[in-house]
2 protein chains.
Amino acid sequence: MSVRIKDIAERVNRSITTVSRALNGYDDVSPETKQLILKTAKEMGYSPNTFAQRLQKQQSDTIGLILPTFSPRFSDPYFSELLAGIGNKAADLGFDLLVSTRSPGPEENETYEKLIDGRRVDGFIVVRTRKQDQRINYLLSRGFPFVAFGRTDDCDRFSYVDEDGYFGMQLIAEYIAGLKHEKIACILPPQDLAFSEKRLAGLQAGLAEFDLTLREEYIREGDLTQKSGYQLGGELLDLPDRPTAIVACNDLMAFGVMSAAQDRGLVVGEDVSITGFDDIPMSEYSYPPLTTVHQPVYQIGGMVCEMLIRQICEEIQDLQQVLLKPELIIRQSCRSYT
Amino acid sequence: MSVRIKDIAERVNRSITTVSRALNGYDDVSPETKQLILKTAKEMGYSPNTFAQRLQKQQSDTIGLILPTFSPRFSDPYFSELLAGIGNKAADLGFDLLVSTRSPGPEENETYEKLIDGRRVDGFIVVRTRKQDQRINYLLSRGFPFVAFGRTDDCDRFSYVDEDGYFGMQLIAEYIAGLKHEKIACILPPQDLAFSEKRLAGLQAGLAEFDLTLREEYIREGDLTQKSGYQLGGELLDLPDRPTAIVACNDLMAFGVMSAAQDRGLVVGEDVSITGFDDIPMSEYSYPPLTTVHQPVYQIGGMVCEMLIRQICEEIQDLQQVLLKPELIIRQSCRSYT
DNA sequence: TTGAAAGCGCTAACAC
DNA sequence: GTGTTAGCGCTTTCAA
């Protein structure tokens with residue numbers, strides 16, 4: 001039913017080799033033959049069988065992305081944007097994108113293993129890196145190509161793109177401290193994530209410039225969802241000596257905190273100041289609009305993807321390590337403490 | 001470097017045929033041989049070359065999903081949840097998921113064509129259906145397997161899962177009308193989308209039960225983003241004879257409308273009532289929490305995926321058409337008009 | 001119960 | 001410039 005190279009060969013009375021060469025643009029085919037072949041191929045509606053090509057070439061022209069889905073309700077605007085960035089770039093460069101969704105854990109590792117063993121992908125993009133990242137260790141141990149979005153505790157052995165979360169939180173800290181807040185609370189990402197301690201450290205460093213420290217009781221650890229922001233923000237706000245500013249380590253949690261504050265009759269940006277991190281589109285339309293740190297997620301997706309593909313094609317050998325300087329986006333969720 | 005069936009064959013002194021049969025669980029292999037082969041395969045760390053299998057079997061065990069990304073900043077929590085639903089189900093059933101991201105238009109169609117012609121996928125999941133959907137017409141004309149999430153103007157020729165948006169909007173209408181609102185505005189999805197007119201019709205039908213009609217000047221068409229909700233909601237609120245309730249056709253636009261109202265010093269759920277559609281997680285944490293209609297997107301993703309795979313495997317021949325009854329989720333963004 | 005051989009559709013080394 | 005041939009790794013007839 002579908003046209004093969006052989007069919008074309010028979011039609012033009014040439015060998016399949018010649019057809020193959022013409023199709024692949026080799027120049028050891030006479031112009032006339034080439035013309036003829038190209039023309040008939042088009043007429044017959046030929047298109048190559050991808051799997052035959054891949055089997056022969058021993059490469060899949062496919063990159064893998066395994067999304068860590070924490071909850072069943074994996075509804076994260078951040079990831080859909082990242083996906084678009086990766087997907088569009090991959091398509092531009094002629095690569096397929098194979099996506100798997102697994103929750104972190106042993107099953108996740110098996111998925112990596114399976115894809116490698118079945119030779120189904122040429123490389124991976126690893127997202128949401130952990131401090132000690134078994135996925136990365138595994139990939140490293142097998143010498144399999146990958147690029148990470150994010151660093152780890154030990155990241156001089158692989159290529160990555162990351163945003164400088166330390167610096168980003170420093171900006172937040174300076175901003176909040178500049179607003180004269182002193183009772184500052186923080187809701188951290190899960191501790192095992194690589195960016196968790198960097199953000200905390202940045203916050204502390206920024207605060208230190210103003211001779212401020214973060215009180216132990218003001219630190220909480222969330223899971224990056226609105227729900228946990230709501231819960232932990234509530235706890236913080238119910239403290240006898242309530243913080244006047246709450247720094248959430250991502251926008252989603254910040255929205256949860258806002259909601260908790262509003263439930264308690266507090267006006268966000270008046271009675272309590274709240275900040276986020278990521279600058280997802282929603283943060284421009286929350287009430288009040290959220291002060292946060294921007295991450296160019298779409299572009300990062302594109303960069304990571306391109307780096308990986310170049311690595312696969314061996315256009316680059318060296319490690320590439322990119323650290324982006326984030327930008328503070330001031331909106332209306334904070335005000336000066338008086 | 002990687003183990004092939006041939007290597008195992010040599011090791012156990014059997015033909016590759018026998019090895020293949022043992023590995024594939026055929027029962028015309030003696031138990032001992034089978035044991036031996038399985039054992040050595042494991043020892044040698046054998047795993048089959050996917051592309052060789054696929055070439056031979058003439059099927060890809062892969063389903064395709066082409067996400068329509070409207071804006072470069074494709075940040076839609078709805079889709080990440082859908083993706084998780086599809087992805088997890090696909091993995092469970094042993095299928096790969098190939099994801100492409102393209103903005104609607106000619107390029108999008110080429111992507112479908114390319115994947116089919118290269119025999120890279122066995123079927124597609126089509127999302128965000130249009131009234132006249134060229135993607136679906138194309139797939140139908142080629143007789144290529146697919147299942148749609150959503151209907152079209154002419155949808156008795158293919159399998160789909162859809163939520164009954166007509167009914168959903170009826171619920172909204174009845175709720176709003178029951179709250180004594182009369183000046184009710186509506187922000188529709190883009191007209192070319194299939195669910196657009198269904199939602200409008202449902203709204204009108206629900207209103208009609210209360211002898212209410214939708215005024216022409218109160219109808220707007222958005223693009224499903226917060227931004228357009230903000231813009232159009234603003235227009236509506238600036239009307240000399242301002243509506244008292246604004247029905248947005250998805251949650252994201254509803255958030256935009258809320259933000260526009262708040263910018264104008266209006267209290268949402270007091271001065272103006274606002275509703276959404278989808279019930280994305282954010283709608284529970286907006287200020288105020290949003291009254292909306294629930295869509296079980298994760299489950300829908302799973303259903304659609306399973307239907308497609310059954311269709312591919314020819315376990316089902318008949319068309320499957322599922323229409324889900326939605327549920328109204330009442331939160332705090334509306335109040336009785338007095 | 002096993003094996004030889006053909007073939008899936010393509011590429012490439014080599015010879016002419 | 002073109003064709004012959006082998007081979008990518010696997011499955012599956014067919015014959016023994």
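Miscellaneous remarks
- Residue of B:SER30, B:SER159, B:SER60 that the Gaussian network model of chain B assigns the largest fluctuation, springs spanning Cα pairs under 10 Å: B:SER30
- Translational D in µm²/s for the protein assembly as shown (Stokes-Einstein at 20 °C, 1.002 mPa s, Kirkwood Rh from C-alpha pairs): 78
- Principal-axis tilt of helix B:106-117 within chain B, Cα atoms, nearest 10 degrees: 20
- Per the Debye formula on identical point scatterers at the alpha carbon atoms of region A:165-294, with no solvent, log10 I(q)/I(0) at q = 0.13, 0.19, 0.20 Å⁻¹ is -0.43, -0.98, -1.11.
- Loop-located GluC sites (Glu not before Pro) across region A:184-233 with a Cβ neighbour count of 16 or fewer within 10 Å are A:GLU209, with loop assigned by DSSP.
- Shielding by partners for peptide B:250-259, expressed as the average number of C-beta atoms from other protein chains within 10 Å of each residue's C-beta, is 3.
- Sites matching trypsin sites (Lys or Arg not before Pro) across region A:130-179 that sit in DSSP coil, with at most 11 neighbouring C-beta atoms within 10 Å: A:ARG157
- When the alpha carbon coordinates of chain B are projected onto the principal axes, the ranges are 88, 39, 34 Å, largest first.
- Sequence-distant residues sharing a close amide H with A:HIS181 (under 5 Å, placed H): A:TYR337
- With Cα atoms defining each centre, region B:90-156 and region B:220-285 are spaced 33 Å apart in the structure.
- Remark on B:ARG102: its backbone amide H falls under 5 Å from those of B:LEU67, B:THR69, a criterion applied only to residues 5 or more positions apart or on other chains, H modelled at 1.01 Å from N.
- Less than 5 angstrom separates the built amide H of A:ARG128 from those of A:PHE149, all sequence-distant by 5 or more or on a different chain.
- DSSP-defined antiparallel bridges as percent of all bridges, the protein assembly as shown, nearest 5: 10
- Chain B: angle of helix B:297-312 to the longest principal axis, Cα-based, in degrees nearest 10: 40
- Considering only chain B, percent of DSSP beta bridges that pair antiparallel, nearest 5: 10
- Partner chain coverage, peptide B:284-292 - average Cβ within 10 angstrom: 5
- Ranked from shortest, the separations from the 7 Å Cα-to-Cβ label point of B:LEU266 to its equivalents in the other copies are 2.9 nm.
- Teacher prompt: B:GLU182 distances to equivalent labels in other copies, 7 Å Cα→Cβ, nm: 5.8
- Taking the label point 7 Å along Cα→Cβ, A:GLU221 and its counterparts in the other copies are spaced 5.2 nm apart, in ascending order.
- Rounded tilt (10° steps) of A:31-44 against the dominant C-alpha axis of chain A: 70
- Using C-alpha pairs below 8 Å separated by at least 6 residues, the relative contact order for region A:5-48 is 39 percent.
- Table column - 3J(HN,Hα) (Hz), region A:135-147, Karplus curve with 6.51, -1.76, 1.60, x for Gly and Pro: 4, 5, 4, 4, 4, 4, 5, 8, x, 9, x, 7, 9
A short reminder: the numbers here are calculations on the coordinates, not readings from a lab. Keep in mind the model is a prediction, meaning the values are calculated, not measured. No Cβ is skipped: glycine too gets one built from the backbone with ideal geometry, and neighbour counts run over all protein chains shown.
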